[in-house]
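Readers should treat all values here as calculations from the given coordinates under stated rules, not as data from a laboratory. Since the model is a prediction, treat every value here as computed from it, not as a measurement. FYI the Cβ positions are ideal-geometry reconstructions off the backbone, even for glycines, and counts take in every protein chain you see.
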Amino acid sequence: MSMELTDKPVITQKDRYVKTQETDHSKTLFGFWAYLMTDCVLFASLFAVFAVLRNNTNGGPGGSELFDLPFVLTETIILLISSFVCGMVLLAAQRRARNYVLAALAIVFLLGLAFIALELTEFTHLVHEGNSWRRSGFLSAFFTLVGTHGLHITVGLLWIMVMMAQIMRKGLIDPVLRRLSLFAMFWHFLDVVWIFIFSLVYLLGSMQ
Amino acid sequence: MSEKTEKLPQSASESRVKLSSYIAGFTLSLALTLAAYVIVSQNAYGKKGIIVAVATLAITQFIVQMLFFMHLGHESGPRWKLLALIFMTGVVFIIVVGSLWIMDHLDYNMMSPKDMQEYMDSQDSL
């Protein structure tokens, strides 16, 4: 430190600037983390509703008749891979490798899109068979819980598009990097929520 | 890039993230997901056993992703993120377990006479 001070005083000034930036950064990250925690509470409420209504099928079909486990496993693995690639986005951003960041973001986008497409396929299939959210309390709770997660993923997809546009226009400047890491947190969080939807709603719900 | 000579703040996340962390997290998560899937599709254990196993695997995967994807272990200083997470877990526990507890009691206490008769018969047969 003292070496730098004697060599180039300008850099220490910059360091100090960078340091304040960094602390602001960590505050933003913590603020977003706090939002994610409250979002967890939203999902917990929906999980609680689903758990309470899981047997209220009103004479309609239950999870064991409706859920196609290999299909849902595919969705799960797609989302897990996208979460992993999202980590690659951050790694590329650390190296300031703009094109790698864009490529990785595009892959995350496509995987997210594939996930949403599969989910919508499942939903339309259910509705066409007459098992929509109107059928029973169980299905209302199911569509609300899984649909809320899907809505979050859709918002994430919009966010990716905005981030890609910003990177192309502004480059990897500090505010863009900050938003990228917020997005990464969001995306990892959605995968964490999906673990519980996959395990508790689909896997345990498909048992008699 | 000219930027390279400057001392840039380490990317947005608080500490340097590593590829090995993501690979470990991904491999473990995939293994845990497949394990839960196989346990349910084999249907070899009792119902209670499957529920406990799947819930344990889900919580393990939650911890794995928090550590390897969200880098919760790398937090320095006062661990506010961890604290917020623990608080959230408490709230979630109260909401989910509390709802189930209350609603099950309500279900039991508001049985119609016919349901009550059926319930008592089912208890007799045990």
> Residues of B:96-107, mean number of Cβ from any other protein chain within 10 Å of their own Cβ, rounded to a whole number?
Replying inline: 3
>> Counting only helical runs of four or more DSSP H residues, what would the 222 nm mean residue ellipticity of chain A come to if each run contributes -39,500 (n - 2.57) and the total is spread over all its residues?
In response: -28500 deg cm²/dmol
>> Calculate the FRET efficiency for residue B:31 and residue B:114 from the Cβ-Cβ distance with a Förster distance of 45 Å, rounded to the nearest 0.05.
In response: 0.40
>> Could you work out the relative contact order of chain A? I mean the mean sequence separation of Cα pairs under 8 Å and 6+ apart, divided by the number of residues, in percent.
In response: 32
>> Only counting other Cβ atoms within 10 Å, I'd like B:114, B:47 sorted with the fewest neighbours first.
In response: B:114, B:47
> Average partner chain C-beta neighbours within 10 Å, per residue of A:72-80?
Replying inline: 3
> GNM, chain A, Cα, under 10 Å: largest mean-square fluctuation among A:122, A:75, A:65?
Replying inline: A:65
> What ranking of B:80, A:194, A:133, B:101 emerges when the number of other C-beta atoms within 10 Å of each C-beta is taken as an exposure proxy, fewest first?
Replying inline: B:101, B:80, A:133, A:194
>> Only Cα pairs within less than 10 Å get springs; with that Gaussian network setup on chain A, which residue of A:88, A:161, A:185 has the largest fluctuation?
In response: A:161
